[in-house]
Amino acid sequence: MNHLLKLSNLTADEMTHILDVADEYKRLHRAGNDPKDLQGKAVALMFGKHSTRTRTSLEVGIYQMGGLGTYLSTDDLQIARGEPIQDTARVLGRYYDAIVYRTFKQSDVEALAKYSGVPVISGMTDYAHPLQVLTDLMTVREHYGTLEGLRAGFVGDGYNMANSLIVGCLTMGMTLVMACPKGYRPSADVLYFARQYGEKFRLAEDPDEAARDADVLFTDVWTSMGMERETERRRRDFYGYTLDAARMALAKPGCMVQHPLPAHRGEEITDEVFEGHADEIFGEAENRLHVEKAVLGILLAGK
Ligand code: CP
């Protein structure tokens, strides 16, 4: 692995290795023994969208590893005044050992990787959210002890989380049923990727189909960052796609719920379901830290 831009660049062995390293960093952190694997290393944290979890967990994780993380809002960089991404890449690549980039266009993250000469990690784009889905896989594997053979359901927007979940779940041997309203399907290339897995993947419109017999149910907001002007239309289009108690009752007893956060209670998930699964959801948020340390440890310290 030279970069982490999207999950389809990773094999099952590479994903498993990330999860194994993340488990080990978590164990060592809890034992009060964080390895200083980033001593003398600096990581640029470039954000063109809001963030609570990704920014703070990276800053804390890099600190725990003995490195320096520099938060850079793209509003404050010359990018905001038109400096091309390839020039920004060639400058930052001369100062930093790695760059995390959260932005809108996947092509901008790919360009940063092409021109910077250092490992680039996607902090989320409109197309993919690889760090989040690796975290979800870690959290589900912690809970069940395995991923192979589990049945996952996703109810919601066929956007970046959906794209990365399809790749992550199928690569790791899970079955996935995804329910998205008409007009909100995942990316065509990801649906093409899923075809090789045959009946292990199904795209439905009925959210009950995604919930039925699930071991884990995923959802995400109906209106993602940058779509705020579509909020009312989306509320209408996603009506009936809420993860509520009736839908949870269709899943297997003890079914987990995963939400990348922030959550909009009363839209994609009811307060009752959210609070009933809060330990799983905030355990997932905690695991962002350990997965990000694992990706950095692999890219910069040969873990
Ligand atoms: N899940 C996630 O990426 O959270 P933030 O947007 O707060 O970083």
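For segment 115-126, the set of residues classified as closer than 17 Å to Ser8 by Cβ and either among the charged types (D, E, K, R) or away from the ligand (no atom under 14 Å from the Cβ) (or both) consists of Val120, Asp126, listed by residue number.
Table: residues versus (1) farther than 30 Å from Tyr63 by Cβ; (2) within 19 Å of the chain's Cα centre (by Cα).
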| position | (1), (2) |
| --- | --- |
| Leu203 | yes, no |
| Thr219 | yes, yes |
| Ala251 | yes, no |
| Gln258 | no, yes |
| Leu261 | no, yes |
| Leu289 | no, yes |
| Glu292 | no, yes |
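Contact annotation: residue pairs with Cβ atoms under 7 Å, 6 or more positions apart or on different chains, pairing a residue in segment 34-58 that is farther than 14 Å from Lys293 by Cα and within 16 Å of the ligand (Cβ to nearest atom) with a partner that is outside any strand (DSSP E or B) and among the basic types (Lys, Arg), are Phe47/Arg55. The single condition among (1) touching a Ser or Thr at 6+ places or on another chain (Cβ under 9 Å); (2) within 30 Å of Ala263 (Cβ to Cβ) that Met65 does not meet is (1). With the condition kept exactly as written, say whether any residue in segment 96-109 is among the hydroxyl-bearing types (Ser, Thr, Tyr) and within 16 Å of the ligand (Cβ to nearest atom). Looking for residues that are among the hydroxyl-bearing types (Ser, Thr, Tyr) and within 16 Å of the ligand (Cβ to nearest atom), one finds at least one in segment 96-109, hence yes.
Rundown of residues vs (1) basic (Lys, Arg); (2) at pLDDT below 95; (3) within 16 Å of the ligand (Cβ to nearest atom); (4) over 26 Å from Ala44 (Cα atoms), yes/no style:
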| residue | (1), (2), (3), (4) |
| --- | --- |
| Pro207 | no, no, no, yes |
| Val216 | no, no, no, yes |
| Gly226 | no, yes, yes, no |
| Asp237 | no, no, no, yes |
| Ala245 | no, no, no, yes |
| Gly254 | no, no, no, yes |
| Val273 | no, no, no, yes |
| Arg288 | yes, no, yes, no |
| Val295 | no, no, yes, no |
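On the stretch given as segment 59-78, residues that are in contact (Cβ under 8 Å) with a residue 24 or more places away in the chain and either of a type in the set (Val, Ile, Thr) or over 27 Å from Met227 (Cα atoms) (or both) total 11.
The values are calculated or read from the model by the stated rules, or taken from the named source; none is laboratory data. Remember, predicted model here, so these are calculated numbers, not experimental data. With ideal geometry, Cβ positions are generated from the backbone for all residues, glycine too; neighbour counts draw on all protein chains shown.
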